[in-house]
Amino acid sequence: MANPNKAKGTRWEVSVATFLRERGFTEVFRLAPGGEHDAGDIGGLPNWAIECRDRSKFDLAKNVRDAEMRVVNKGCRWGVAILKKRGSSVREGYVVMSLDQFAEVLTVLEGNNESNIL
């Protein structure tokens, strides 16, 4: 791969997919880049659009916005950006999403029927 940043990103995507498979999400796989209709970097989780980022500087707003655009492209429920933590194992990466989407996830997990979920 001629572009070192692209190679670094691909390695991170593969590491995230491998980690999730090892944690029991056996249908997870790395998606090929999708261009205009990009559905994220990780497939196999129908309710989720996942963007992986291996960058030295985080732009949280942009990363979350990108993940939310992937939600629209994929037609799924939630989106997250998984960010590599420098000098750490994949398991120590950061997962970021908007508070609004996090509240929806909590509503589903905690069984809160009083909330309006889209």
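The values are calculated or read from the model by the stated rules, or taken from the named source; none is laboratory data. Bear in mind the structure is a predicted one, so any value in this text is a computation, not a measurement. Ideal geometry is used to build each Cβ from the backbone, glycine not excepted, and the neighbour counts take in all protein chains shown.
Taking the condition of being within 17 Å of residue 45 (Cβ to Cβ) and part of a loop (DSSP other than H, G, I, E, B), how many residues in the range 5-34 meet it? Going through the range 5-34 one residue at a time, the tally reaches 9. Only residues that are touching a Phe, Trp or Tyr at 6+ places or on another chain (Cβ under 6 Å) and touching a residue at least 40 places away in the same chain (Cβ under 8 Å) were counted across the range 62-100, and they come to 2.
Which of the following residues is of a type outside the set (D, E, K, R), surrounded by 18 or more Cβ atoms within 10 Å (Cβ to Cβ) and more than 23 Å from residue 72 (Cα to Cα): 48, 12? When all the criteria are applied, what remains is 12.
Within the range 55-72, the only residue that satisfies the criterion of being in a helix (DSSP H, G or I), under 22 Å from residue 3 (Cα atoms) and among the acidic types (Asp, Glu) is 66. Of the residues 91, 65, 86, which single one is surrounded by fewer than 18 Cβ atoms within 10 Å (Cβ to Cβ), closer than 12 Å to residue 54 by Cα and among the charged types (D, E, K, R)? Residue meeting the stated conditions: 86.
Residue-level analysis places residue 79 outside the set of residues that are at pLDDT 95 or above, within 21 Å of residue 5 (Cβ to Cβ) and surrounded by 13 or more Cβ atoms within 10 Å (Cβ to Cβ). Remark: residue 41 matches the filter, which requires a residue to be charged (D, E, K, R) and under 12 Å from the mean Cα position of the chain (by Cα). Residue 103 meets the conditions (1) part of a helix (DSSP H, G or I); (2) without any contact (Cβ under 8 Å) to a residue 24 or more places away in the chain; (3) within 14 Å of the chain's Cα centre (by Cα) in every case but one. The failed one is (3). Figure legend. Inter-residue proximity from the range 27-54: first residues under 21 Å from residue 5 (Cβ atoms), second residues of a type in the set (Asp, Glu) and part of a strand (DSSP E or B), beta-carbon distance below 9 Å, spacing 6+ or different chains. Indicated pairs: 38/51; 40/51; 41/51; 42/51.
All of 25, 29, 19 fail the test of being in contact with a strand residue (DSSP E or B) (Cβ under 6 Å, 6 or more places away or on another chain) and either more than 20 Å from residue 98 (Cα to Cα) or surrounded by 16 or more Cβ atoms within 10 Å (Cβ to Cβ) (or both), apart from 29.
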